[in-house]
Amino acid sequence: MARPLAQFLAIGLLLFVTDRLWTRTRGDVDVRPTPVVISAQRIEQLRRLASGSAGRPLAEAQLAALVESEVADELLYRQALAYGFDRDDPVVFNRLVQNMRFAGADPERAAEDLYREARELGMHRSDIVVRRRLIQRMRLLIESRVEEPSDSELRAYFQSQAVQLVRPARLRLTQVFFAQEHRDAAARALEALTRRGLDPAAALGPGGALGDPFLHASAQPPQSEQELAGRFGAEFARAVFGLETGRWWGPVASAYGFHLVWIHERSAAELPSFEEVRAQLRYGLLAERGEEAVASALAELRRGVEVRVESPEP
């Protein structure tokens, strides 16, 4: 979808000051911004943290993406400092005051005094929470310049997202659980229920207790196959979605044991109306435009800035 011209102009206005702040010409001397340096130590730290979270070694492409994110954060952080966001932010103020009190400052001292001292000590440049806050504010500022989508743009986006918006088929069921070692009991129970013509209300009503204790309720709300798989396992979900309504089936195997199953009703997959998902579409389109705006802003911020990525030691 074509980006409106107004969005480019807004981003241009936002970043116009960058060249004035970072690149100044004094006679024949061109003063360039400080290079962005991602140290070998930081790269190894990123590798360890990400590998630990993933539970496996990090691929080089994944590490490269993390390094690129570090560069982006540094550029946004610098621009936030250039705009003076560190001087007017209540989160930064409270964080620095908190740091000073934690470090043993006199609890009777005024917060404003502690804040000034913290800045003199350079805490606003070394605290990770302050850094993240400033990066966040810079992103929010850029994203706030994104133009609100029109009705026609939302409708076009609705058409482009139709596959993702389709609601999956769902069914509502009642299940009766039997442990692995009670499969024969499940088969006998199925025969008795079928012979007597008992539906779930009669079989599980007062005095009609059946099956073994189970962590999930007998009466299940409408669910998709994926949702059922999350509760009972993929084998169970595939099986019950192939069953007809209005009778008992089983024993159906699950990740826990066996089940007698009654399918009450099912609904086919369907595309919701535009009005039903209008708010969701607006949020999604604004999020996409926000990401594009941040990417464009970062390209401008990076122009003329040297980036050095140090190689980790072998």
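None of the figures in this text is laboratory data; all of them are computed from the coordinates on show. As the structure is a prediction and not an experimental result, all values here were calculated from the model.
Odds and ends about this structure:
- DSSP finds beta bridges in the chain, and of those with both partners inside it, around 90 percent are antiparallel.
- Quarter of Cα convex hull surface for region 167-267, i.e. mean projection, nm²: 5.9
- DSSP H segments from the chain that extend 15 Å or more along their own axis, Cα-based, with Kyte-Doolittle mean of -1.0 or above: 5-22, 40-54, 60-82, 90-102, 128-144, 183-196, 278-302
- For the chain, the relative contact order comes to 26 percent (Cα pairs under 8 Å, sequence separation of at least 6).
- Residues whose amide H falls under 5 Å from that of residue 247, counting only those 5 or more places apart or on a different chain, are 263, with hydrogens built in the peptide plane.
- Residue-span extension gain [residue 278 to residue 163] - 0.36 nm each, minus C-alpha spacing: 39.8 nm
- Once semi-axes √(5λ) of the Cα gyration tensor in Å is calculated for the structure shown, the corresponding label among (i) 25, 24, 19; (ii) 58, 27, 21; (iii) 30, 22, 21 turns out to be (ii).
- Chain lengthening between residue 269 and residue 141 when straightened (0.36 nm per residue, less Cα-Cα): 42.1 nm
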